[in-house]
1. Hey, any hits in the range 53-74 for a residue that's surrounded by 18 or more Cβ atoms within 10 Å (Cβ to Cβ) and closer than 19 Å to T97 by Cα?
2. Return only the number of the condition from (1) open to solvent by 40 Å² or more (accessible area, probe 1.4 Å); (2) farther than 30 Å from L11 by Cα that L82 does not satisfy.
3. Quick one: is D47 open to solvent by 60 Å² or more (accessible area, probe 1.4 Å), over 26 Å from the mean Cα position of the chain (by Cα) and of a type in the set (D, E, K, R)?
Amino acid sequence: MIARARLIAVLAALVAGAIGIISSTQTWIDVILTAGSAPDIAVAGNDAVPVLAPLSLAALALGLALSIVWRILRYVFGALALAGAVWLFILTLQVVTGPPVAAVAAPITKATGIAGSAAIAALIDHAVVSGWAWGALFGWVLLAVSGAFTLATAHRWRTGGRRYETSTAAVAATGPLDAVDSWDSLSRGDDPTDAGRAAPEDEDETTRLDGRSHAPEGGS
């Protein structure tokens, strides 16, 4: 599990960020207004939670950065991911458990020209929360998992310096490559399987040398 902890943390942050960005443009709340006020209004995720898109982009960037940063920054990013996940979860939970007037005020004001919390609340008959808001909640759980995994296991991830060494000794000292390490090797033009092929070639060379050492010294 430790060998794959970084991969889990990176993927969880990337998936959470992707869910947040996609859902920010989708309808989170369908607002049904009182009769004759205006047509029903669809409230997008970014209107319901204004910080949704920027924090989702930050989660994506954080996930990418986790694959290359050094130990101290891993802890910083892990803490940021966990704090951001808690904040977004609370904001999204407020929407799915009963949208506050503030979450739907901007689209209603734009459609009707009416402003003010009390006036807008009087226009609303009821509101229906879509599955996109619930999906975002799942995304924030993944983001929290990413932050928790990072904080708990970052001290055992492969260090940046060792990952960029090309010697067989460095690979052996740091253990088997995970998916992120293999991708780094391929990006540099290295074959991550070279280390596995080196041993048989060395063994064959040793065998040939041993064979010559035991050959008869005399002869015609």
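1. The answer is no, given that none of the residues of the range 53-74 is surrounded by 18 or more Cβ atoms within 10 Å (Cβ to Cβ) and closer than 19 Å to T97 by Cα.
2. For L82, the failing item is (2).
3. Working: open to solvent by 60 Å² or more (accessible area, probe 1.4 Å): yes; over 26 Å from the mean Cα position of the chain (by Cα): no; of a type in the set (D, E, K, R): yes.
Answer is no for this residue.
Yes/no per residue for (1) open to solvent by less than 40 Å² (accessible area, probe 1.4 Å); (2) of a type outside the set (S, T, Y); (3) in a helix (DSSP H, G or I):
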site: G78; (1), (2), (3): yes, yes, yes
site: W87; (1), (2), (3): no, yes, yes
site: A103; (1), (2), (3): yes, yes, yes
site: A111; (1), (2), (3): no, yes, yes
site: A121; (1), (2), (3): no, yes, yes
site: V128; (1), (2), (3): no, yes, no
site: A133; (1), (2), (3): yes, yes, yes
site: F138; (1), (2), (3): no, yes, yes
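The values are calculated or read from the model by the stated rules, or taken from the named source; none is laboratory data. Nothing here was measured: the structure is a model prediction, and the numbers come from that model. Every residue, glycine among them, receives a Cβ derived from its backbone with ideal geometry; neighbour counts consider all protein chains shown. Quick note on the areas: whole protein, heavy atoms, side chains included, nothing else; ligands and nucleic acids left out. Shrake-Rupley method; radii C 1.70, N 1.55, O 1.52, S 1.80 Å.
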